[in-house]
Structures are given as C-alpha cells and as structure tokens.
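Please read the structure below before turning to the comments.
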Amino acid sequence: MKICCIGAGYVGGPTMAMIAKQCEDIQVTVVDINEKRIAAWNSDELPIYEPGLDEVVQEARGRNLFFSTNVDQAICDADIIFVSVNTPTKTFGAGAGCASDLQYWELCARQIKKVATSDKIIVEKSTLPVRTAEAMDRVLHSGDGNIHFEVLSNPEFLAEGTAIADLENPDRVLIGGHQTPSGQKALQTLVDIYARWVPREKILTANVWSAELSKLTANAFLAQRISSINAISALCEATEANVNEVSHAIGTDSRIGSKFLRASIGFGGSCFKKDILNLVYLCESYGLQEPADYWRQVVLMNEYQETRFVHKMIRSMFNTIAGKRIAIFGFAFKADTSDTRESPAIRVCRELAEEHAQVVVTDPKALENAKIELADSLEHISFEKDPYRAAEGAHAIALITEWPEYATLDYQRIYDSMTKPAFIFDGRNLLDFDHLFKIGFEIYSIGRDVKSHLK
Ligand code: UDX
Ligand code: UDX
C-alpha cells in the first residue's frame, strides 16, 4: 500500500512520520510545493521543532518515509491521499476575517483529479468547515472519467509540543465516512491502518459531517475553557481572589476536570482563533446569529486579555514606557514549539513598540519566526538569544511563553542588571513570586494580587 500526504507542515509531517514508523510495509510520501521545506525535512535540521520528532523521522526516513516536491508522481502512485494543506482565515471577499480560505484545498482536489489514473481514498486532514467533503466530491467527480474517489474526514487532534506523544497514544482517532458501501469500505481501510498501534476502542467512526464538525467543536470547547478562566482572572485581580486557587478548586470537580484551566495572557496557535471564527461564519451562513455571537465572544475575550495585559504594563510603569527597554521572555505561542502563529507576543510587542518602548525579544526556539512575524515593525524591536542579556538595563520583563527554563534563571543576577524599580509581568503565572519579591522585583501576574514595594 502507498500513502501520500499533500502538505508537509506541523500536521502533515509528524502524522505521516508516525504512520511510517508504525507501518513499515506502507510506503509514505509527504509532498509539498515549498522546496525549502522539503529540503529541510530531508536534512538533519527539520523545519519544525517538536520533541521526539527527530528520532521518529530518522528511524523511518529513506526506509518507508519520503519527502518530495514531486506532487503529481506521489498522487499518481498513492492508494490513499491525505490532504493537509493550510486553510487560513480568508482575508478578502465574502466572509473575510472569518471564513476559511479553501483555495489551496480546491487546487489539491483539482490536481488529484487531473493526474490520478486509479481509484483513490482522499482523507481530509486539514481542519475544514462542515460539508467541505461535499464540495470535494463535486470537484473530484466533475466531468467524465470513471475513477472513483472516496472522501473521508480524519481530523487531527495533536497539540504542538506534544505531537509525537499525542500521535503515539491518542485519546481517540476520529474517522468519518459516507454511509455507502464504498464509503464504509474506505473507512475500514483507514481504521485498519490506525489499528496497528491504536486500540480499536479508541478509533471512533462517524459520518463525514460529524467528523468535520467535531474538530471545530473540540477546538472551540478547549478555547472556551481558557477564555472562561481568563474572564475570571480579571475579576480575581479586582477582588483579591487568586485565579490559581479558583482553577484548582473548580478543576477538582470531576464534571469540570482540571485541564485547560490555566489562566494566561491568552491562547495562540494556528487553530483556535481560526477554527472558532470558522464556526462563527458557519453559524451565520445558516442564519444562526445567536450561536454565532456566543462563539465569537470566546475570541473577543482572548483579545481583551492580551490588551488588558499591555495596558496593565503601561499603567503600572507610571503611564509612560517611551524609550524604556522591555525584555520579552518567550515569543512562541506556548512552550516546546518554535511556532509563533497567533502568539499573544505579537500583539504585546506591537503595542509596546507603538508606545515607543525599546522592545527586546528573547526565545529559546522561536527567534527566527519572531523576526518574520515582526518584520514590519523593527524600528523599536530587537532580538537577543540570551535572556540575561535581553534583561540587561531593562525596566521590565514581560514573560509571554511558559518555557520551563525561564522559571529557573538566576533572577538575582537579572535584578542586579536591570533599571530600578524592576518590573516583572508574568503572563503565564510561571515564576516564584515570593522569591522574586524578596529580591526586590515589582510583580504583576494574571488573576493574582500585585506584589509591590511601591504601594
Ligand atoms: C494544518 C491544517 O492544514 C490546518 O487546516 C489545521 O487547522 C492546522 O494544521 P499546518 O500543518 O499547521 O496546518 O499548516 P502548515 O504548517 O502551513 O502546512 C501546510 C503545508 O501545505 C505548507 O508547507 C504548504 O507549503 C503546503 N501546501 C500548501 C502545499 O503543498 N500545496 C498547496 O497548494 C498549499
Ligand atoms: C490545539 C488543540 O489542543 C489540538 O487538539 C488541535 O489539534 C490543534 O489546536 P495547539 O494549538 O497546538 O493545539 O496547542 P494547545 O496546547 O491547545 O494550546 C493552545 C493555546 O492555549 C496556547 O497558546 C496555550 O498556551 C494556551 N493555553 C492552553 C492556555 O492559555 N491555558 C491552558 O490551560 C491551556
């Protein structure tokens, strides 16, 4: 059996590497139009940072895992084609700012139709609006030709930073297929592949529409939990309640559960915002305004949380930060990834730069991506790999990403090198506040009391 995956990104690359690792007899080829990316996948310096990924790729690459730019050949040879190209939020035309831009998707379908000479199973890996498979079917079966394409939906639930563990031992695998004999046969083929390493009871099957909608719903629910606890964090700051204590207390209720209740500066990443806006657009296009408004509020809450953080910085630093050096600790949207898409750090840096602060960004893995994200506002922003040097002479540190190494830095050394009063704004509630306070820092966090020597 041969598998091809179109799109060698954060989802396609690791997912295919895992299939190749687990199924030595299946030839897996990952293709991408981006030559640089494919070259990186074929080198020792993989294009994405993901713990454990190097080992999996090294084991399978050249044996039954291949990376190539020859898209047509891979399509032609494959029995199963995963499509994992990006589906960003539309920036133009109808639904701009909300709907998914499906142009790459449709191009892939047309390409598959053009070059295929035998029946294929097409698997939707990208996150897509519900009923995309219908459009796929139409494109693939348009015109004449007697090749049969069966479209399945197999949304990916891996989180970046834990992708390999999530793929190796997933909570569940979800596969949607049409309720026809050929749909069910294709579905069984994919079930049998995952069953090589995932227990059968964890492989859920559903109709295509349910599978498509489940992915959007899962991300919306996860993001909603963060926005809910972040809404409470603002109230905590006003009332001397401590959001960590509230999270812990409510999380021990087994009906609520303890995960995804970490108050933060806000959620980032390529999925949450895009998928919720997609859900909002879907609701609106079915005339369901109240459900649309309900979900939109999760995104608005997230933007409020980011802006609130910046305003708190400015206010506490005596309402002026012009010319002040501010060190940004962490630019990735979360720890253990080099991915900076939709990171709260973007808004923070931009708003601080607009106030003419002198922003210095540091991050252990994401500095290159940070430079690309901020390419248009470099006048007030610089980059420094070493956190100690970034903090030298700074008036403040803003911790945006919860990299564990930031918890164990020598903060006495950092304090000694900073301008006084030295502020820390902890956007992740990561640091040991009592220790920092003893050193002399002014400490502002999320959903907790301010610790200040100036009061
Ligand atoms: C994926 C899914 O595609 C997205 O829908 C989901 O919500 C998040 O995960 P991701 O893997 O993170 O996205 O995207 P990205 O890293 O941008 O990878 C997509 C790849 O597809 C890129 O390397 C791009 O070059 C490639 N691509 C895009 C093609 O090969 N052909 C195209 O026509 C378009
Ligand atoms: C998410 C989903 O978890 C995954 O199942 C889906 O396939 C893709 O989208 P990802 O975006 O990689 O994965 O990361 P995730 O761990 O979900 O974190 C998203 C954001 O939420 C990060 O910015 C993170 O820092 C933030 N977060 C997470 C919080 O602020 N608080 C929490 O309690 C948890």
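Some notes on this structure:
- From the options Thr180, Thr205, Thr162, residue that is within 30 Å of Leu282 (Cα to Cα), within 16 Å of ligand 1 (Cβ to nearest atom) and either at pLDDT 95 or above or over 24 Å from the mean Cα position of the chain (by Cα) (or both): Thr162
- For the range 38-49, taking the residues that are part of a helix (DSSP H, G or I) and more than 23 Å from Tyr194 (Cβ to Cβ), the one that is most open to solvent (accessible area, probe 1.4 Å) is identified as Ala39.
- For Phe267: the one exception among (1) open to solvent by less than 60 Å² (accessible area, probe 1.4 Å); (2) away from ligand 2 (no atom under 15 Å from the Cβ): (2)
- Residue in the range 166-173 that is away from ligand 2 (no atom under 16 Å from the Cβ) and buried (at least 19 other Cβ atoms within 10 Å of the Cβ) present: no
- Tyr10 meets all of the listed conditions (1) within 12 Å of ligand 1 (Cβ to nearest atom); (2) outside any loop (DSSP other than H, G, I, E, B); (3) of a type outside the set (S, T, N, Q) but one, namely (2).
- Asp376, sole failed condition from (1) within 16 Å of ligand 2 (Cβ to nearest atom); (2) open to solvent by 20 Å² or more (accessible area, probe 1.4 Å): (1)
- Only residues that are within 12 Å of ligand 1 (Cβ to nearest atom) and assigned to a loop (DSSP other than H, G, I, E, B) were counted across the range 21-37, and they come to 3.
- Count of the range 148-172 residues which are β-branched (Val, Ile, Thr) and either within 18 Å of Leu187 (Cα to Cα) or without any contact (Cβ under 8 Å) to a residue 24 or more places away in the chain (or both): 1
- Residue within the range 141-164 that is open to solvent by 10 Å² or more (accessible area, probe 1.4 Å) and part of a helix (DSSP H, G or I) present: yes
- Of the residues in the range 8-30, none is among the aromatic types (Phe, Trp, Tyr) and either loosely packed, with under 15 Cβ neighbours inside 10 Å or more than 16 Å from ligand 2 (Cβ to nearest atom) (or both).
- All positions within the range 349-406 that are of a type in the set (Val, Ile, Thr) and closer than 19 Å to Thr419 by Cα: Val359, Val360, Val361, Thr362, Ile381, Ile397
- Considered as a group, the residues in the range 388-420 that are in a strand (DSSP E or B) and closer than 24 Å to Glu160 by Cβ include one that is farthest from the chain's Cα centre (by Cα), and that residue is Ala398.
- Residue list for the range 273-300, filter: within 14 Å of ligand 2 (Cβ to nearest atom) and open to solvent by 30 Å² or more (accessible area, probe 1.4 Å): Lys273, Lys274
- Index of the failed condition, Ala218 passing every other in (1) open to solvent by 60 Å² or more (accessible area, probe 1.4 Å); (2) in contact (Cβ under 8 Å) with a residue 24 or more places away in the chain; (3) among the hydrophobic types (A, V, I, L, M, F, W, C): (1)
- Which numbered condition Lys371 misses (of (1) open to solvent by 10 Å² or more (accessible area, probe 1.4 Å); (2) in contact (Cβ under 8 Å) with a residue 24 or more places away in the chain; (3) closer than 28 Å to Ile164 by Cα): (2)
- Any hit, the range 8-16, residues being more than 20 Å from the chain's Cα centre (by Cα) and among the β-branched types (Val, Ile, Thr): no
- Checked against (1) surrounded by fewer than 20 Cβ atoms within 10 Å (Cβ to Cβ); (2) touching a residue at least 60 places away in the same chain (Cβ under 8 Å); (3) small (Gly, Ala, Ser), Ala353 passes all but condition (2).
- Applying the condition of being in contact (Cβ under 8 Å) with a residue 60 or more places away in the chain and in contact with a helix residue (DSSP H, G or I) (Cβ under 6 Å, 6 or more places away or on another chain) to the range 254-266 and asking which residue is nearest to ligand 1 (Cβ to nearest atom) yields Gly266.
- Yes/no for Gly251 being open to solvent by less than 80 Å² (accessible area, probe 1.4 Å), away from ligand 1 (no atom under 16 Å from the Cβ) and farther than 20 Å from Arg428 by Cβ: no
The values are calculated or read from the model by the stated rules, or taken from the named source; none is laboratory data. Model, not experiment: these values are computed from the prediction. Counting neighbours? That spans all protein chains shown, and the Cβs are built from the backbone with ideal geometry, glycine included. For the accessible areas, the whole protein counts, side chains as well, though only heavy atoms, and no ligand, DNA or RNA atoms are used. Shrake-Rupley method; radii C 1.70, N 1.55, O 1.52, S 1.80 Å.
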